[in-house]
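Throughout, read-outs are computed from the coordinates displayed, never taken from laboratory work. Predicted model only: the values in this text are computed from it and were never measured. Virtual Cβ from ideal backbone geometry, glycine too; neighbours counted across all protein chains shown.
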Amino acid sequence: MVSIAGTPLVRNWRAVFKFSLGSLPNRIVYRGNTRFNSGDRGLAYQGGLRVGLTLLFHVQLLAGTHGGPQAVQPQGSGALSELHWARVASNLAGRLTPGSSDGQNRAEGGDGWISHAREFEILWRQVAARLSRIAGWRTKHLDGIVPRHADVFYPFGGPDAVTALTLFPEASHYLLVGLEPVGSLPATLDVLTADYRNDLRTAFRPFALLGFFRTEDLTKYLGSRRTLDGVLPLLAASIARLDHTVLQVSRVCLNNDEAGCREKLRNEAVAIDFADRTGNPRRLTYIRADLADFALGHNHELKRYLRTCAPEITLLKCASYLLHKPYFSILRTLILDRSRLVLQDDSGIPIRYFVQRDWSVRFYGAYEKPIPLFTQWYQPDLEAAVRRGNPEALPFKFGYSSSAETSILILALRKQIP
């Protein structure tokens with residue numbers, strides 16, 4: 001069961017509130033003090049928020065619709081309603097706030113919102129064209145295969161909520177893991193200055209152009225700047241831009257033990273609860289964690305959580321070929337043991353592991369040698385299998401490839417469910 005009670009934050013997490021008489025906090029900050037040793041790793045809601053929808057959402061949460069870790073509201077956050085979170089996410093995305101007009105958005109976000117909305121729209125057009133082709137492919141090849149209301153695991157996904165939500169729109173829970181800090185969302189819209197919005201667009205631009213976030217870009221734009229201190233603004237903006245409504249943002253205790261988290265918190269995590277276009281409740285969880293063996297092997301809290309939640313679907317894209325390396329064997333084994341379906345490019349799990357376990361494997365697109373940065377991870381057996389299969393062309397760019405013509409998508413299905 002997921003608790004949404006206003007429980008105080010644990011010791012290593014801080015909600016920074018600066019109250020003045022009659023004012024709201026400027027920012028809610030979700031931060032942890034975990035250090036990581038490895039640097040190697042490779043949209044507006046139409047219609048108003050209805051009280052009935054919000055009540056239904058929370059009733060379903062309390063009834064256990066979302067499994068997994070305990071979500072706890074920040075201390076003092078009771079004044080921040082679902083409408084507030086929707087306003088913040090929509091404003092970041094350059095979209096109309098649910099149930100409001102353009103004039104109201106200008107009043108809430110200032111005159112800079114109009115310019116931000118215009119410039120973000122230009123960026124989003126590039127994304128939308130790609131997503132349209134992905135959605136068409138998904139309807140043809142994944143409908144009827146992907147279980148509804150499944151959990152989707154996207155290791156190395158960072159803030160790329162867009163790809164996971166587009167490929168698996170009926171999932172109930174999306175679990176993304178990256179090395180980037182969680183960061184914060186503004187508690188008042190006046191925090192959304194021109195610099196803040198510009199930094200958000202700058203951090204999002206590589207994804208719009210390339211279809212993935214680059215580690216070096218995120219390192220540059222997150223944390224080192226005054227405005228964006230983590231991936232949370234990118235995640236919230238992406239969800240709002242995909243026509244979903246953000247209802248709640250909560251920090252997460254992975255072990256479901258609030259008292260235990262007070263004593264020691266290894267993992268920095270946040271949950272974003274949102275309603276999809278039809279009003280159905282969804283959750284996206286982001287965990288900051290190092291998934292290499294030397295880190296994951298000692299991170300018993302995260303390892304236990306990943307084994308317990310047992311996500312049925314794993315998505316791997318632009319994973320820097322980390323799962324080809326011997327020191328990512330714990331994560332690789334966990335995915336192969338727990339997943340029913342793996343959708344990936346060639347930077348995910350080497351094809352030989354699926355063959356050894358007798359998975360059913362389908363190919364889409366064409367396989368070419370990896371880009372120069374990763375040439376050592378070329379797979380001759382994958383090239384031979386793709387040639388034998390003579391797969392149909394992929395209508396969209398995926399992974400590190402520069403075009404659809406050179407992109408490969410691998411769909412691996414477990415033949416027997418343990």
**Q.** Shape call, the stretch 174-253: gyration tensor on alpha carbons, a/c limit 1.5
**A.** rounded
Q. Using the beta-carbon distance between residue 352 and residue 293 and R0 = 22 Å, what value does 1/(1 + (r/R0)^6) give for FRET efficiency, to the nearest 0.05?
A. 0.70
(Q) Would you calculate the convex hull of the Cα atoms in the stretch 291-418 and tell me its volume per residue in Å³? (A) 106
Q: Quick one: work out Rg over Rh on the C-alpha atoms of the stretch 119-250, Rh as Kirkwood radius.
A: 0.96
Q: Work out, step by step, the length gained on full extension between residue 220 and residue 384: first 0.36 nm times the residue separation, then minus their alpha carbon distance; give nm to one decimal.
A: 55.1 nm
Q. Normalised by the number of residues in the stretch 316-411, what is the relative contact order in percent for Cα pairs under 8 Å and 6+ residues apart?
A. 34
Q. Which entries in 369/397; 220/303; 220/369; 140/397; 220/325; 303/397 show an alpha-carbon gap greater than 24 Å?
A. 220/303; 220/369; 220/325; 303/397
Q) Residues with beta-carbon under 10 Å from that of residue 241, excluding residue 241: net charge, scoring Lys, Arg +1 and Asp, Glu -1? A) -1
Q. For residue 209 and residue 310, FRET efficiency with R0 = 30 Å and r from the beta-carbon atoms, rounded to 0.05?
A. 0.25
Q) In straight Cα distance, which aspartates and glutamates are under 14 Å from residue 317, not counting same-chain residues fewer than 8 positions off? A) 160, 345, 346
Q: Using a Förster distance of 35 angstrom, determine the FRET efficiency expected from the C-beta separation of residue 143 and residue 195, and round it to 0.05.
A: 0.20
Q. Taking the inverse of the average 1/r across all pairs of different Cα atoms in the stretch 376-418, what Kirkwood radius in Å do you get?
A. 12.2
(Q) Using a 10 Å cut-off around each Cβ, can you sort 327, 174 from fewest to most neighbouring Cβ atoms? (A) 327, 174
Q: Report the label-to-label distance for residue 327 and residue 115 in nanometres (one decimal), using points 7 Å from each Cα along the Cα→Cβ vector.
A: 4.6
**Q.** Dipole magnitude of the stretch 335-418 about its Cα centre (Cβ charges: Lys, Arg +1; Asp, Glu -1), debye to nearest 20
**A.** 320
